[in-house]
Every structure is written in structure tokens, then in C-alpha cells.
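Colleague: This structure is in C-alpha cells; I'll ask about it shortly.
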Amino acid sequence: MQIRFIRVPIMTNIYNHILKSKIENEKLLAILLDPDKIDLDKAEILIEKINQSPATHIFIGGSLVENNILDELISKIRQFSPFGGRGALPIVLFPGNPSQISDKADAILFLSLISGRNSDYLIEHQVKAAPILKKTQLEIISTGYILIESGTETAVERVSKTTPLDRNNPEYILQTAQAGELLGNKLIYLEAGSGADIAVPREIIKKVSQNIEIPLIVGGGIIDLQGIQKAYDSGADLVVIGTAFEKDVDFFNK
């Protein structure tokens, strides 16, 4: 299948574009930047590599984020964008907790970790974030976040103190995704975790994709372009690359 990457124009509704892309089978790609792993002195080179890549979105966030450079990082991305101003690519927050909110971004994935049973990540962090978000112009995209067993303990598992869903029980993973959809989430995000040994299995992506109506994001454990293609072929609408790009900014040139 020939994949078409479509750059997202400056727009007021990022979710509508994701939805439209799903309908038209235009696959999307996000590069995830963890502020804790970014050297701002080298930001210009990093952003240049992103702009040269087929990425359609930039996600920013991490499980902890302790260095407090979020606003500055987003400003750097806009500064070094080839189009200036609001930037060529939408900047979407992918927060681990309410401290990772910046009104300088374009949108936020308002995550609920529906694979776990830790109330802090199901609703408590969201309650604390609500008054902060109400003061911003961020587009808020409710997202059902599902952590899948990946062969090693990931940062998400460690920080959230939740157990990933068993990769050998695809039916329960599907039921969890469908519950998230019925609860009103606009996106479902299947996550193996940052630095995962094993990506989300193709059969799980396919099963979930074929049985929900909302767009499906897949990330974690994808280490090469073939992995991206396999996720697309299995039904992912948007694939997220983080660790692989962190380790090699020339990832997309190979």
C-alpha cells in the first residue's frame, strides 16, 4: 500500500484533520520529544531534522519532565520552523501530569490511562488540569490511553504504578478500547511504552482498528521504517516515533 504523508496546515481544529485523514486513509506520523532528553543548545539542528522528516505532528511530553523547559522548547520549535509564527507542524502536548501544560502549544491529548486502575491517572490528574486548561486556548482532545505489555518495565508503567494489559489477551484490549470510545474519547492510543522491547502486536492493532470508529494512535517499540509501515498496514491512523528518533536524528534518512 502506498502511504501518503500530508503536512498539516496551520489550523484551528487538529482533531478534525486527524478524523478527515482517517476517512481518506492518509496516514499521519508524530515525532515525540521528551523535554528531559532535549539539549536546547542543539534544538535548531533537531528541529531542522524534524522539518526534513515526513512527520505531520510534533508531540511533546514524558512520564516525568523535570527540567522545566517546556515553554522554551516550544518557542524554539516555532522560531526554527521554516514558516515561522505558529509553525509548520501542529505541536500537541502529550502530558504525564498537569505540570506539563503549556499554552504555547496548539493542542493537548487529554489522556486517561484506561488500561490501569490508578485513580490518579484515570481522573485525578485530569481534575487538577481542568482549571488550568480552561485558561488556555489549547484544543483539548480526549484520549483513551492503553498500555500494552512490551517485554520490559517502561517509564509509563513505573511512574503510573499500573500493570500493562496482557498482549496475549487481544479481546480484553479491544474491550478496553471500545469502553474508551463509548465513554466519549475522541482517540484511542495503544502504547507499548518508551523504549519498549516489543512493539504493539500487529494483530492487536488490526483487531482494535477494525472494531472502533475513532482514530487509532500506536506508539512504543517501533525501531525502524518497516515497523511504521507494519503499524499502518495493521490499521494505525497515526504512528508515534520517540526513542528511535532520539537515538538517531537521521532515522528517516535510512
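The values are calculated or read from the model by the stated rules, or taken from the named source; none is laboratory data. No experiment lies behind these values; they were computed from the predicted model shown. Counting neighbours? That spans all protein chains shown, and the Cβs are built from the backbone with ideal geometry, glycine included. Note: accessible area is taken over every heavy atom of the protein model, side chains too, but ligands, DNA and RNA are not part of it. Shrake-Rupley method; radii C 1.70, N 1.55, O 1.52, S 1.80 Å.
Colleague: For segment 148-220, with every protein chain kept in place, what is the accessible area per residue (1.4 Å probe, Å²)?
Modeller: Working: 3330 Å² over 73 residues.
With all protein chains present, segment 148-220 gives 46 Å² per residue.
Colleague: Would you work out the relative contact order for the chain, in percent, from Cα pairs under 8 angstrom that are 6 or more residues apart?
Modeller: Numbers: 510 pairs, mean separation 44.8, N = 254.
Averaging sequence separation for qualifying contacts and normalising by length gives 18 percent for the chain.
Colleague: Going by average Cβ density within 10 Å per residue, which order do the peptides 245-252, 39-46, 146-153, 190-197 take, highest to lowest?
Modeller: Values: 245-252: 15.8, 39-46: 13.0, 146-153: 20.2, 190-197: 22.9.
Final packing ranking: 190-197, 146-153, 245-252, 39-46.
Colleague: I would also like to ask the following. Sequence gap at least 6, Cα distance under 8 Å: using those rules, report the relative contact order of segment 73-137 to the nearest whole percent. If you can, show how the numbers build up before the last one.
Modeller: Details: 62 pairs, mean separation 15.8, N = 65.
Contact order relative to length: 24 percent.
Colleague: Moving on. So, with a 1.4 angstrom probe, what is the percent of accessible area on the chain that is carbon and sulfur? Before the final figure, lay out each step's value.
Modeller: Numbers: 5990 of 11890 Å².
The value for the chain is 50 percent carbon and sulfur by accessible area.
Colleague: Then there is this: If R₀ is 30 angstrom, what is the calculated FRET efficiency for the pair GLN178 and THR136, using the beta carbon separation as r and rounding to 0.05? Intermediate values should be presented prior to the final figure.
Modeller: Working: r = 31 Å, r/R0 = 1.02.
With R0 = 30 Å, the Cβ-Cβ based efficiency is 0.45.
Colleague: Follow-up. Over the Cα atoms of the chain, what Rg and Dmax result, in angstrom?
Modeller: Gyration radius and largest Cα-Cα distance of the chain: 16.7, 46 Å.
Colleague: Another question, if that's okay. Excluding GLU139 itself, calculate the net charge of residues whose Cβ lies under 11 Å from the Cβ of GLU139, where each Lys or Arg counts +1 and each Asp or Glu counts -1. Don't jump to the answer; show the numbers that get you there.
Modeller: Numbers: positive: LYS186; negative: ASP106.
Residues near GLU139 contribute 0 overall.
Colleague: Using +1 on the beta carbon of Lys and Arg, -1 on that of Asp and Glu, and nothing else charged, what's the dipole of the chain about the Cα centre, debye to 20? Please list the in-between numbers first.
Modeller: Details: 26 positive and 32 negative charges, 118 e Å.
Charge dipole of the chain: 560 debye, to the nearest 20.
Colleague: Here's another thing I want to ask about it. Do the sum for the chain: with -39,500 (n - 2.57) for every DSSP H run of n ≥ 4, divided by all residues, what is the mean residue ellipticity at 222 nm, to the nearest 500 deg cm²/dmol?
Modeller: Result for the chain, helices only: -9000 deg cm²/dmol.
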